[in-house]
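Since the structure comes first, as structure tokens, the remarks are kept for the end.
The numbers here are math on the coordinates, done by the rules we state, and not lab data. Remember, it's a predicted structure, so these values are computed and weren't measured experimentally. Using ideal geometry, Cβ is built from the backbone for each residue, glycine included, and neighbour counts are taken over all protein chains shown.
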Amino acid sequence: MLQIDIRPYASDAIEDAMRLAQTKALNSYSFSDIMNFLNYAWTDIYQRIAQMDAGYYSVTVRLTQRLTVLPPHVKNAIVVYSAQSPVGHDRRVYRASGMNDLQAFGTYHLSGHDLWCPDAERRRVWLNYVPTQHLLFFTHKNRDPQIITDPTLQTTEQSFTYNLWNLQHRVNNRWVLEHRNQNLSEPERVNDITDIINREEDDWEIVYISCDFPYIFVTYRHRFSNEYLSGFYKDILRNGEFTEYNPFAFTGRNSNVEYVRTSWNDKTGLGVTIRDHNDGGRIKTLGWTPDTVLNYPTPDAYRLLVARLADKFSALNESEVMGVQKELVEATYAFDNFLRKDKASWSRITNVNDLTPGDIL
């Protein structure tokens with residue numbers, strides 16, 4: 001039997017929602033508006049999943065100091081407990097302390113980003129928390145890109161100025177960022193980023209590179225397959241994380257695109273010109289942001305996201321589409337039914353107080 005792994009993308013959700021809401025044109029809303037609607041709906045669904053079953057997204061870390069300053073990406077603390085290991089060992093669940101028992105055994109106190117737990121320095125104490133949800137992005141105009149026929153707009157353009165740095169390709173096949181202040185010493189003036197952007201060991205060679213701070217846009221070409229891989233690095237001097245640019249991945253094929261011109265604009269979402277090698281090498285202009293894969297724990301979450309977006313679109317158009325309200329009710333029921341996954345037992349309350357002689361009497 002043929003089975004296909006269909007991966008929905010953010011642009012799929014937007015298109016499905018507009019079809020359900022009977023919205024004919026993407027131009028009815030700005031890129032920033034759609035980005036907000038998409039992420040507001042996703043945030044509500046993410047929080048609902050985390051409230052009902054934190055296990056889908058929660059992370060466990062060990063506390064090693066009495067006072068731990070939590071990073072901004074910690075959205076909610078689920079439970080603080082002591083155990084030999086997070087897996088396979090009994091847990092002593094800690095309770096929240098008040099102002100008069102901050103030093104009490106088996107307690108913690110959370111205020112803002114500060115987590116106070118006096119047992120952390122003498123016992124194995126763990127924090128289970130839910131991180132902040134990732135932002136969803138979609139490639140603007142990836143369903144109807146503008147075809148560039150003007151030869152003057154088809155020429156390759158590159159910039160090698162990266163804020164206070166200049167990107168240089170040196171003769172020893174090294175890529176460096178050199179500071180414009182020539183009075184700095186050599187270690188302060190030059191940052192070698194070759195190990196970050198170079199992929200020649202995997203047979204990928206750089207055929208396009210351009211800077212538009214804080215991004216560096218890069219296109220790689222495989223030596224043997226001649227396939228193109230495009231994407232960008234953000235804040236390359238701090239993390240060097242590569243984000244793949246996949247505007248046409250919703251078709252089920254690799255986005256075999258090569259950058260021609262690159263820039264970014266958070267308001268319009270537009271800014272890049274690419275050569276689409278899956279479409280005869282035609283030059284197209286479209287959005288610069290990637291198209292996020294919606295890797296939900298269940299298809300019911302995607303269905304609810306589409307229904308929530310469609311409800312928002314129809315409300316903005318001041319129209320009442322019967323199909324939207326019906327789908328919203330049905331999608332909410334299917335989603336809530338999925339979250340009640342454990343039907344083999346009663347719901348239980350975690351007891352954080354140990355047995356006392358009074359309980360025995």
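The set of residues from the stretch 175-190 being surrounded by 13 or more Cβ atoms within 10 Å (Cβ to Cβ) and more than 18 Å from Ser210 (Cβ to Cβ) comprises His179, Arg189, Val190. The residues in the stretch 260-294 that are basic (Lys, Arg), crowded, with 19+ Cβ neighbours inside 10 Å and more than 18 Å from Phe250 (Cβ to Cβ) can be counted, and the count is 2. Working only within the stretch 224-259, note down all residues that are assigned to a strand (DSSP E or B), buried (at least 19 other Cβ atoms within 10 Å of the Cβ) and polar (S, T, N, Q). Ser230 - this is the single residue of the stretch 224-259 that is assigned to a strand (DSSP E or B), buried (at least 19 other Cβ atoms within 10 Å of the Cβ) and polar (S, T, N, Q). Among residues of the stretch 213-223 being in contact (Cβ under 8 Å) with a residue 24 or more places away in the chain and over 21 Å from the mean Cα position of the chain (by Cα), the one that is surrounded by the fewest Cβ atoms within 10 Å (Cβ to Cβ) is Arg221. Residues in the stretch 9-61 that are free of Cβ contacts under 8 Å to residues at least 24 places away in the same chain, among the small types (Gly, Ala, Ser) and more than 17 Å from Glu318 (Cα to Cα): Gly55 alone. Residue count for the stretch 92-118, restricted to those that are at negative phi, without any contact (Cβ under 8 Å) to a residue 12 or more places away in the chain and within 32 Å of the chain's Cα centre (by Cα): 1.
Restricting attention to the stretch 315-336, report how many residues are among the β-branched types (Val, Ile, Thr), under 13 Å from Met18 (Cα atoms) and assigned to a helix (DSSP H, G or I). So the answer is 1.
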